[in-house]
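The next block holds one structure in the form of structure tokens; read it before the comments.
The values are calculated or read from the model by the stated rules, or taken from the named source; none is laboratory data. Everything quoted here is computed from the prediction, not taken from an experiment. Counting neighbours? That spans all protein chains shown, and the Cβs are built from the backbone with ideal geometry, glycine included. Each accessible area value is taken on the protein alone, full model and side chains, heavy atoms only, with ligands, DNA and RNA left out. Shrake-Rupley method; radii C 1.70, N 1.55, O 1.52, S 1.80 Å.
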Amino acid sequence: MDLYYSPYSAASRSILMTGKAIGVEFNRKVINIVENEHLKPEFVKINPQHTIPTLVDNGFALWESRAILVYLVEKYAKDDSLYPNDPKGRALVNQRLYYDMGTLYKAFAEYYYPQYQKKAPADPELFKKLESAVEILDLFLQGQLYVAGDRLTIADIAILATISTLTVADFDLSKYANVSKWYENAKKVTPGWDENEKSLQELRALAEKLKAK
């Protein structure tokens with residue numbers, strides 16, 4: 001399988017960690033968005049939305065990271081531990097994935113991206129929305145160590161990629177006791193965390209470089 005990705009991308013890193021969890025190897029193809037490699041005709045032919053990550057499995061092209069996560073575990077996982085077969089368990093994982101995409105990561109991107117990409121001043125109202133999004137996660141985690149049930153799922157992996165990126169931006173997790181506890185555990189139990197952490201260090205260096213410009 002070809003994986004078009006960037007190690008700086010939280011969505012891309014969630015795919016890599018899931019691949020590690022299910023024992024899948026990717027033919028990795030790094031896409032440098034800064035150099036507009038995602039706009040090259042050969043990539044647009046694969047993915048008309050020219051977004052990363054993009055997976056190509058024996059000619060089948062798929063993008064949107066959370067759809068890729070579901071596809072990978074449904075096709076290649078040896079059991080249903082990462083994505084339950086029962087309707088309620090699966091629905092809960094799906095809900096958390098949609099929360100990550102439409103609430104948590106969205107709030108992160110809307111607050112931080114303009115600051116790093118356009119040198120815009122921090123918007124306190126957008127920061128409040130981000131805090132609210134993390135507060136919701138804290139409620140999800142009340143009395144449990146995983147975001148969707150009693151075991152690690154792809155919902156944890158997706159949200160781990162997002163929350164770990166938040167730490168690069170120096171977002172203070174200490175105010176959220178349940179999230180902090182979950183995060184420390186997730187780092188220990190999620191396959192591929194070591195590579196994710198290495199990419200985070202590289203991302204931090206890039207962020208500091210952008211800030212200095």
Considering Leu152, Leu160, which residue is in contact with a strand residue (DSSP E or B) (Cβ under 8 Å, 6 or more places away or on another chain) and within 20 Å of Arg13 (Cβ to Cβ)? Leu152
So Glu195, is it free of Cβ contacts under 8 Å to residues at least 12 places away in the same chain and charged (D, E, K, R): no
Just the residues that are in a helix (DSSP H, G or I) and surrounded by 14 or more Cβ atoms within 10 Å (Cβ to Cβ), please, taken from region 83-101. Gly89, Arg90, Leu92, Val93, Asn94, Gln95, Arg96, Leu97, Tyr99, Asp100, Met101
Name the pairs: first residue in region 104-120 and part of a helix (DSSP H, G or I), second residue open to solvent by 50 Å² or more (accessible area, probe 1.4 Å) and among the charged types (D, E, K, R), Cβ to Cβ under 6 Å, at least 6 apart or on different chains? Ala107/Lys129
Can you tell me which residues in region 21-40 are among the basic types (Lys, Arg) and either in contact with a helix residue (DSSP H, G or I) (Cβ under 8 Å, 6 or more places away or on another chain) or touching a residue at least 24 places away in the same chain (Cβ under 8 Å) (or both)? Arg28, Lys29
Quick test of your reading of the structure: Lys129 fulfils all but one of (1) at pLDDT 95 or above; (2) under 18 Å from the mean Cα position of the chain (by Cα). Name the failing condition by number. (2)
Looking at the structure I just gave you, is Phe60 more than 30 Å from Leu173 (Cβ to Cβ) and out of contact with any Ser or Thr (no Cβ under 6 Å at 6 or more places or on another chain)? yes
Restricting region 121-130 to residues that are in a helix (DSSP H, G or I) and in contact (Cβ under 8 Å) with a residue 12 or more places away in the chain, the one nearest to Ala11 (Cα to Cα) turns out to be Leu130
Counting only strands (runs of 3 or more DSSP E) entirely within region 6-82, those with at least 1 residues that are of a type in the set (Gly, Ala, Ser) and surrounded by fewer than 18 Cβ atoms within 10 Å (Cβ to Cβ) are 60-63
